[in-house]
Amino acid sequence: MSDINIPGVSSRFNTNKIVEDLMKVEKAPLTKMEARAEKLESDKIIWQNLKTRITELASQCASLYNYDNPFGERVVSTTDGAVTATAVRNADLTEHTVKVIQTASADKLISSPIDGNTKIPAGHYVFRIGEKDVSYFFNGGTPKVFVDGLNRRSPDLLRAQIIQAKPGEQVILLESKLTGSANIITFEGDATELARRIGWITNTQKNDPLITQEPIPVAAFGSTDLYNIAQSTDQCLVNPKEQINIPVDYKDGTGLSMRFKVVDLNDSPSFRTAAKPFQPGIIGSASFKDVTLTNEISLFPQNSQSLPSSDSAKDIASEKIAIYIESETGRRQIPLTEPVGTPQSVSLTPSELNVPVRSIRIENNSGHYAVLLDSVALTGNGSRESNGSERNVNALETARDAVFEYDGIKLTRPGNRIDDVNEQMTFTLNAPTANPVSLKVETDAETVKDKVIQFAYHYNKLIEDITVYTTKDERVISELSYLEDTEKEEKKKMLGTLQGDITLIQVKNRLQEIINNSYDIGSPDRISMLFQLGIGSNLSAYSGYSAAKMRGYLEIDENKLDDAVRNHITDLEKIFGYDTNNDYITDNGIAFLLNRYLSSFSKQGGIIDGKIQTFNQQITQQEKNITNFNDRMEKKEADYKRQFGNMEAMYERLKDSSRALDSLNSSNGNNK
């Protein structure tokens, strides 16, 4: 049975193995062709990666000298967070001062406590904020339904909120979204009756302790133990070398008026009294028409804001008589504008007053002048007009303008974001300040440093890749101490893959030449090279030979770079890109030259694209060659199998013939 062979199924001569061995010999060129194709694909990927590196570096270079370079970025440093500011690109490097007397605010009204089950009737409710209306047709319902519907009307103008005051009672907070004294909340239509009903507004009362509609005679302020009261008058007399401080129970939105005059005691001896001089530190109080004022020492800082006096008051000013309105943020001096002996009236509206007044202080350091204070009045707390009647608003905050001094000039604006005083700067008033806040426009040093560091990083990454691709020395990888072990292993696979490539060698040499060149930037400090500004290829103190330092990597001396940003920012800007012929177009400098050189490699249709196109053509041709070769090998293998099959078939036929002859001979022998 072992001699049985079936052609095409089994082989007596193991022809399959013979064919396989023959085909290995025939296919030997295929292995080389496939290896060549893999090498072409690998080199193509390397050049694609190099293009990415070069493009990134070229982009970083362009960002150091083009229109949006970091040297035009500005920051505004402030001495107090009460004022913050930003500046436009290329703003002048200047310094300004801003003193915030008052920030702008919006109306914020609160109702009286109401029952949570209160029903608000159907009606047409109109709320006016300045010149803008919020019209609300309400079908009737609970306060919550009313508030929810109102908030959907104009959320950018008005917002209402229900606050639980205590179990079973709530208040409704009505808040304008627009600041400025022109944007007060008023009520029209059914909103007027609702505002009166729930306590957003009430009719003004003459005896309201928060409002004084009539002047307060100063005689009511206290006894002669506190103030000198002129004989036969209701006036407060402040004699030479005396000071008084009159506390004021100020409420937001209140105005102030006062009347006084300065008299010469040499000409008016009747004003002299034998009353006990005013003693600082004695605390007292007095009431007049439900208004209570207490006397106490001023606790406010003595930084003063003086307003100019008229010519007629120069002599008085020289005698050191001063009247101040004091607040938490400082004091404001009332100018003496009338001649001696002539009454002077001062009236400040809430918007003119601007700040919460705490006291009125009179300092008389003259030798023979006295100050007679006739009256003081707090006026107009939160008044609003609605349907022709004046109403008092139950306000947590009242709409008011921002009041501030810009470089000593007093200005008002309806909002706290000020962008129309200086076209190069926008500043925001966050809180009142006791003193002017300095706003210094400076180059954005951090942005400049970040851009320079990014430039150095991308430069070094390109040098790193070129060095790895063009040398087989493993030391170039061990020198890269910042790489992880896995990254080092990947780098080792790339070692020397483009060794001898003249293009890459030229690129590296040209980059180092541009970096190390000298540039005539017209520096007053004779700066002409990048290393002078803290960026170079060998900045460390080591003076011996180091192969690593010869590879061209950039180093940064942060102290020198910080100094360059602070003191040589123009030189730093110019060394990266400057104009040599005054045509306002950058045509020289490190970043400019690097970008121009590298762009020839990275641009579409550039040198690297040409190389990649060549690789694509070679890879395509190699793939065709491999396909054709495989086709030939398949035919050859089929030929071998056919030939060996024929041979085995012939052999079987010969074996059959041999067996037939043997059988015939055997039969003939037996017949004999």
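A few points about this structure:
Conditions (1) among the basic types (Lys, Arg); (2) within 26 Å of residue 416 (Cα to Cα), marked per residue:
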site: 148; (1), (2): no, no
site: 153; (1), (2): yes, yes
site: 158; (1), (2): no, yes
site: 167; (1), (2): no, no
site: 174; (1), (2): no, yes
site: 179; (1), (2): no, yes
site: 187; (1), (2): no, yes
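- Sole residue being β-branched (Val, Ile, Thr) and open to solvent by 20 Å² or more (accessible area, probe 1.4 Å), chosen from 575, 514, 505: 505
- If the condition is being aliphatic (A, V, I, L, M) and open to solvent by less than 20 Å² (accessible area, probe 1.4 Å), then the stretch 38-57 contributes 40, 46, 50, 54, 57.
- Failed item, numbered, when residue 583 is tested on (1) crowded, with 17+ Cβ neighbours inside 10 Å; (2) outside any helix (DSSP H, G or I): (1)
- Residue in the stretch 102-109 that is farther than 18 Å from residue 193 by Cβ and without any contact (Cβ under 8 Å) to a residue 24 or more places away in the chain present: no
- The residue pairs whose first member lies in the stretch 487-513 and is under 26 Å from residue 61 (Cβ atoms), whose second member is open to solvent by 50 Å² or more (accessible area, probe 1.4 Å) and of a type in the set (D, E, K, R), and whose beta carbons are closer than 8 Å, counting only pairs six or more residues apart or on different chains, are 503/611.
- Single unsatisfied condition, residue 122 versus (1) out of contact with any Lys or Arg (no Cβ under 8 Å at 6 or more places or on another chain); (2) open to solvent by less than 60 Å² (accessible area, probe 1.4 Å); (3) among the hydrophobic types (A, V, I, L, M, F, W, C): (2)
- Any hit, the stretch 546-553, residues being within 19 Å of residue 63 (Cα to Cα), open to solvent by 30 Å² or more (accessible area, probe 1.4 Å) and either touching a Phe, Trp or Tyr at 6+ places or on another chain (Cβ under 8 Å) or modelled with pLDDT of 90 or more (or both): no
To keep it simple, each residue is scored yes or no on (1) within 26 Å of residue 20 (Cβ to Cβ); (2) of a type in the set (Phe, Trp, Tyr).
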position: 619; (1), (2): no, no
position: 627; (1), (2): yes, no
position: 630; (1), (2): yes, no
position: 634; (1), (2): yes, no
position: 640; (1), (2): yes, yes
position: 645; (1), (2): yes, no
position: 651; (1), (2): yes, yes
position: 658; (1), (2): no, no
position: 664; (1), (2): no, no
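- Scanning the stretch 407-430 for residues that are in contact (Cβ under 8 Å) with a residue 12 or more places away in the chain and closer than 11 Å to residue 101 by Cβ yields a count of 3.
- Test: residue in the stretch 169-185 that is closer than 20 Å to residue 132 by Cα, open to solvent by less than 20 Å² (accessible area, probe 1.4 Å) and either without any contact (Cβ under 8 Å) to a residue 60 or more places away in the chain or part of a helix (DSSP H, G or I) (or both): no
- From the list 601, 615, the one residue that fits, being open to solvent by less than 60 Å² (accessible area, probe 1.4 Å) and either within 30 Å of residue 535 (Cβ to Cβ) or not in a helix (DSSP H, G or I) (or both), is 601.
- As a summary of the residue check, residue 622 satisfies the conditions (1) open to solvent by 50 Å² or more (accessible area, probe 1.4 Å); (2) under 60 Å from the mean Cα position of the chain (by Cα); (3) within 25 Å of residue 28 (Cβ to Cβ) except for the one numbered (1).
- Annotation note: of 638, 649, the sole residue that is in contact (Cβ under 8 Å) with a residue 12 or more places away in the chain, surrounded by fewer than 13 Cβ atoms within 10 Å (Cβ to Cβ) and of a type in the set (A, V, I, L, M, F, W, C) is 649.
- Selection of first residues in the stretch 193-205 that are at pLDDT 90 or above and of second residues that are in a strand (DSSP E or B) and open to solvent by 10 Å² or more (accessible area, probe 1.4 Å), restricted to Cβ pairs under 6 Å at least 6 apart or on distinct chains, gives the following pairs, ordered by first then second residue: 198/114.
Each row is one residue, and each column tells you yes or no for (1) of a type in the set (Ser, Thr, Tyr); (2) within 30 Å of residue 332 (Cα to Cα); (3) surrounded by 15 or more Cβ atoms within 10 Å (Cβ to Cβ); (4) in contact (Cβ under 8 Å) with a residue 12 or more places away in the chain.
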position: 76; (1), (2), (3), (4): no, yes, yes, yes
position: 85; (1), (2), (3), (4): no, yes, yes, yes
position: 91; (1), (2), (3), (4): no, no, yes, yes
position: 115; (1), (2), (3), (4): no, no, no, yes
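- Of all residues assigned to the stretch 125-141, at least one qualifies as being under 39 Å from the mean Cα position of the chain (by Cα), part of a loop (DSSP other than H, G, I, E, B) and within 26 Å of residue 418 (Cα to Cα).
- Among (1) surrounded by 21 or more Cβ atoms within 10 Å (Cβ to Cβ); (2) modelled with pLDDT under 80 - the single one residue 324 does not satisfy: (2)
- Test: residue in the stretch 439-454 that is touching a residue at least 40 places away in the same chain (Cβ under 8 Å) and closer than 30 Å to residue 357 by Cα: yes
- Complete set of residues in the stretch 557-598 that are of a type in the set (Val, Ile, Thr) and within 28 Å of the chain's Cα centre (by Cα): 565, 569, 570
- Residue check: residue 591 meets all listed conditions (1) at positive phi; (2) small (Gly, Ala, Ser); (3) surrounded by 15 or more Cβ atoms within 10 Å (Cβ to Cβ) but one, namely (1).
- Members of the stretch 64-81 found to be more than 14 Å from residue 448 (Cα to Cα), within 17 Å of the chain's Cα centre (by Cα) and assigned to a loop (DSSP other than H, G, I, E, B), listed by number: 81
The values are calculated or read from the model by the stated rules, or taken from the named source; none is laboratory data. Just so we're clear, the structure is a prediction, and the values are computed from it rather than from any experiment. Cβ: placed from backbone, ideal geometry, glycine included. Neighbour counts: every protein chain shown. Accessible surface areas use protein heavy atoms only, side chains included; no ligands, DNA or RNA. Shrake-Rupley method; radii C 1.70, N 1.55, O 1.52, S 1.80 Å.
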